[in-house]
Structure formats: structure tokens, C-alpha cells
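Report on one structure; see the data block that follows.
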Amino acid sequence: MQKITVAIDGPSGSGKSSVSKEAARRLGAAYLDTGAMYRAVTWHALDAGTDLADADAVAAAVKAADLFISTDPDVEKVTIHGTDVTEAIREPFVSEAVSAVATNLEARAELVARQRAIIAAHGRIVAEGRDITTVVAPDADARILLTASEEARLRRRGLQLGGTQSAAELEAQVLARDAKDSTVVNFQVAADGVVTVDSSDLDFEQTVETVLEAIKAQA
Ligand code: C5P
């Protein structure tokens, strides 16, 4: 099969993880969730008692992290030093702390290098995150920015978390995280050559089909 690298970026709740994973399945490609990598090293730093305000300590913890992430779209698995953290990295305490790692430039450089190595090791891969179209894989065969209105994003986020948090808490958390993340990566506006897919008024199947069409048109 022909080689293909697909890069997909977008904010929280744009549906990019589930859409990217399904696109990967239909393309017979691997799937890389780079947000899960940021979450895993954040879990590791917290577990090791690292002071997240100490930039050098955070960078050192990330560089030392023995991280494994499954690239099979049908197997969700993330381990740190052999500990399965697949579920733990989705906990609110990780979501709240992750921007401290994501805004650390040395930590980002380390994760970007690991992401490039994973992408290079696969002939066919869909990689998603915040800076894949611009920093990790600017030469990807297809590059997409998946957006959704604030209202649609918060609605989906609420569904994903199972409604355990109040709408106000959720809104504050998601907007604060996107605002912090935006200080180091631009995932709100498409870079040159990146195709925007707005999923606000599309259901899941329509979004997957639109993304697959955008991939075909570029690759
Ligand atoms: O996509 P997800 O919400 O799981 O990402 C978690 C966090 O990881 C984001 O809020 C962001 O801080 C960081 N991230 C990043 N660059 C990426 C992917 C995720 O900074 N490529």
C-alpha cells in the first residue's frame, strides 16, 4: 500500500481523537494520539513528585520518561515505565496539570522528536494533536485543522466526561486549557496549506467522511 502521513490538529472537544482514529482505521493506517503522550508524561511528573513550577525539573522528568503508546487504532494503550496509565491520563487532575508540561519548550522538543520518530517508523499513519500540521509533520501528505464552535466543543466534552462535572466547571477548564496551550502552539487558525474542516454542524460519520475527502484531495 502507498505510504501516507496525515496530520490533524484541533482544540479540545473538536472530536479530533475519535475522528482521527476512525479515519486511520478506514485508511488501514496507524494512529498516533500525541495528546496522550503529553498526558502520560504529565502523569509521570506528578507521580514522581516533580514541582510543575520548576521548568528544569519538568524537562528532566519528560526526557527520562520511558513512554510506550500503542499506534494500533483498535488498541488504546499507554504505559510509563511499564505502568498502564491508559485510563489514569484521562482523569481531571491530569487535564488540569498538562498545560504546565505542554508550555515547557524543552519538554515539547523531547516529545516532538519522539513523535517524529514514531511517524517515520510507519508507512501509513494518522497523527493528531495541536502542532502536528505545523511543527511535528509540516511535510505530511495531508494536513487538516478540525474545528468546531465553542458551543459544540463544550457539548461534546460534557458527553465525553460522562456528565460528572458541572457545565460551568467544564467550560472554565476547557477554555483555560486552550488559552494556556495557545501561548505555545497555534491550533485555532489553519497554517498555510492546511485544510480546515468545521465539524460544528456535522455528526460523527459526516465528519469522518469530510476528513477522508480532504485527505484524498491533498494526498
Ligand atoms: O488532545 P488532548 O486534550 O488529550 O491533549 C492534552 C494536552 O496535551 C493539551 O491540552 C495540550 O496541552 C497538549 N498537547 C500539545 N501538543 C500536542 C498535543 C497535545 O501541547 N500536539
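The values are calculated or read from the model by the stated rules, or taken from the named source; none is laboratory data. Quick caveat: nothing in here was measured; it's all calculated off a predicted structure. Here the Cβ positions follow ideal geometry from the backbone for every residue, glycine too, while neighbour counts run over all protein chains shown.
A Cβ distance below 9 Å, combined with a sequence gap of six or more or placement on separate chains, defines the contacts here; from segment 100-113, residues that are without any contact (Cβ under 8 Å) to a residue 60 or more places away in the chain and farther than 18 Å from Leu32 by Cβ reach residues that are of a type in the set (S, T, N, Q) and crowded, with 18+ Cβ neighbours inside 10 Å in the pairs Ala100/Thr42.
Among the conditions (1) surrounded by fewer than 23 Cβ atoms within 10 Å (Cβ to Cβ); (2) among the aromatic types (Phe, Trp, Tyr); (3) in contact (Cβ under 8 Å) with a residue 24 or more places away in the chain, Phe68 misses just one, which is (3). Among the numbered conditions (1) closer than 12 Å to Ala7 by Cβ; (2) surrounded by 12 or more Cβ atoms within 10 Å (Cβ to Cβ), the only one that Ala172 does not meet is (1). Screening segment 152-190 for residues that are near the ligand (Cβ under 10 Å from one of its atoms) and acidic (Asp, Glu) and picking the one that is modelled with the highest pLDDT gives Asp178. Reported count of residues in segment 99-114, each being within 14 Å of Leu67 (Cβ to Cβ) and surrounded by 15 or more Cβ atoms within 10 Å (Cβ to Cβ), is 6. Being within 12 Å of the ligand (Cβ to nearest atom) and in contact (Cβ under 8 Å) with a residue 40 or more places away in the chain: is that true of Ser149 here? For Ser149, the condition - within 12 Å of the ligand (Cβ to nearest atom) and in contact (Cβ under 8 Å) with a residue 40 or more places away in the chain - is not met. At least 3 residues being more than 16 Å from the ligand (Cβ to nearest atom) and modelled with pLDDT of 95 or more is the threshold, and among the helices (runs of 4 or more DSSP H) wholly inside segment 19-120 those reaching it are 55-64. Within segment 123-142, the set of residues being out of contact with any Leu (no Cβ under 8 Å at 6 or more places or on another chain) and either of a type in the set (Lys, Arg) or more than 9 Å from the ligand (Cβ to nearest atom) (or both) comprises Gly123, Arg130, Thr134, Ala137, Pro138, Asp139, Ala140, Asp141, Ala142. Has segment 42-53 got any residue that is surrounded by 15 or more Cβ atoms within 10 Å (Cβ to Cβ) and in contact with a strand residue (DSSP E or B) (Cβ under 8 Å, 6 or more places away or on another chain)? Looking through segment 42-53, at least one residue is surrounded by 15 or more Cβ atoms within 10 Å (Cβ to Cβ) and in contact with a strand residue (DSSP E or B) (Cβ under 8 Å, 6 or more places away or on another chain). Inside segment 31-41, residues that are crowded, with 20+ Cβ neighbours inside 10 Å and of a type in the set (Gly, Ala, Ser) make up a count of 2. Selection over segment 197-219 of residues that are under 15 Å from Arg153 (Cβ atoms), surrounded by fewer than 17 Cβ atoms within 10 Å (Cβ to Cβ) and in contact with a strand residue (DSSP E or B) (Cβ under 7 Å, 6 or more places away or on another chain) gives a count of 1.
Here is the figure for segment 4-18: residues that are in a helix (DSSP H, G or I) and near the ligand (Cβ under 10 Å from one of its atoms) total 2. Within segment 34-43, one or more residues are aliphatic (A, V, I, L, M) and touching a Leu at 6+ places or on another chain (Cβ under 6 Å).
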